[in-house]
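No value in this document is a laboratory result; all are computed from the given coordinates. In this text the structure is predicted, and so the values were computed from the model without any measurement. Note that we place each Cβ from the backbone using ideal geometry, even for glycine, and neighbour counts take in every protein chain shown.
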Amino acid sequence: MDHLKVALGCDHGGFVYKQKIIDYLKARNIEFVDVGTHTREACDYPEIARSVTELVASGQVDRGILVCGTGIGMSIAANKIRGIRAALCGDTYSARVSRAHNNANVLCLGERVIGEHLALDIVDIWLKTGFEGGRHKRRVDIIE
Ligand code: RB5
């Protein structure tokens, strides 16, 4: 997991958790790009989703993490981008299976929905879990 490069983004509704995720990544020497937002001032989540997903879709980073109030706006916006498989996760099982079965390359979280420790567990599992391939690759290929 320490060879991964991750792009991170949030709107004002996800600002606190983005900082917590940055702390998590720094503690594990995981390389990251923080596209913002960098203040608590209100901003538009689709712009942030675009910045992160462009980095993922172009291969400049391996994975993206997006945080807003619910994670819903970010996931809707992210999944508009070709090549992006964004998973909104509120539990660790979904986080693991979104990687193992769906090869999700973007994780979306809702800061107003789940607690901080759960959010960080989800990030941990999501970053550590690999894609199983096989029959799941066939299904992901159909999406693509
Ligand atoms: C911002 O108030 C809020 O709408 C946003 O963070 C997010 O929840 C959108 O889906």
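Under a 5 Å amide H cut-off, with hydrogens placed 1.01 Å from N, Ile65 pairs with Ala7, Leu8, Gly9, Leu107 among residues at least 5 apart or on other chains. Each residue of the range 122-128 was assigned a 3J(HN,Hα) from its phi angle through the Karplus expression (A = 6.51, B = -1.76, C = 1.60, θ = phi - 60°), giving 4, 4, 4, 5, 5, 6, 7 Hz with x at Gly and Pro.
Would you work out if the range 6-99 is rounded, prolate or oblate? Take a ≥ b ≥ c from the square roots of the eigenvalues of the alpha-carbon gyration tensor; rounded if a/c is under 1.5, else prolate when a/b is larger than b/c, oblate otherwise. Rounded. Ordering 129-135, 12-18 by mean Cβ neighbour count within 10 Å, with the highest value first, yields 12-18, 129-135. Charges were assigned to the Cβ only: +1 to each Lys and Arg, -1 to each Asp and Glu. The resulting dipole of the chain about its Cα centre is roughly 500 debye. Highest-first packing order for the peptide set 101-111, 53-63 is 101-111, 53-63, based on the mean count of other beta carbon atoms within 10 Å. The HN-Hα couplings worked out from phi for the range 84-89 by the Karplus form 6.51 cos²θ - 1.76 cosθ + 1.60 (θ = phi - 60°) are 9, 10, 9, 10, 7, 10 Hz, whole numbers, x standing for Gly and Pro.
Please say if the range 61-144 is rounded, prolate or oblate, where rounded means a/c under 1.5 for a ≥ b ≥ c the square roots of the C-alpha gyration tensor eigenvalues, and otherwise the choice is prolate for a/b larger than b/c and oblate otherwise? Oblate. Sorting the segments 3-9, 35-41 by their mean number of nearby beta carbons within 10 angstrom, highest to lowest, gives 3-9, 35-41. With a simple spin-label model that places each label point 7 Å from the Cα along the Cα-to-Cβ direction, the separation between Lys26 and Gln60 comes to 2.2 nm. Phi angles of the range 99-108 translate, via the Karplus equation with coefficients 6.51, -1.76, 1.60 and θ = phi - 60°, into HN-Hα couplings of 8, 5, 9, 9, 6, 4, 10, 9, 10, 10 Hz per residue; Gly and Pro are given as x.
Nearest 10 degrees, 0 to 90: what angle lies between the long axis of helix 15-27 and the longest principal axis of the chain (Cα atoms)? Long axis of 15-27 versus the principal axis of the chain: about 60 degrees.
Between Ile76 and Arg40, full extension at 0.36 nm per residue minus the direct alpha carbon distance yields a gain of 10.8 nm.
Annotation: extensible slack from Tyr93 through Val140 equals 15.0 nm (criterion: 0.36 nm per residue apart, minus Cα-Cα distance). Helices in the chain, meaning DSSP H runs of at least 4 residues, each add -39500 (n - 2.57). Divided by all residues, the mean residue ellipticity at 222 nm is -13500 deg cm²/dmol.
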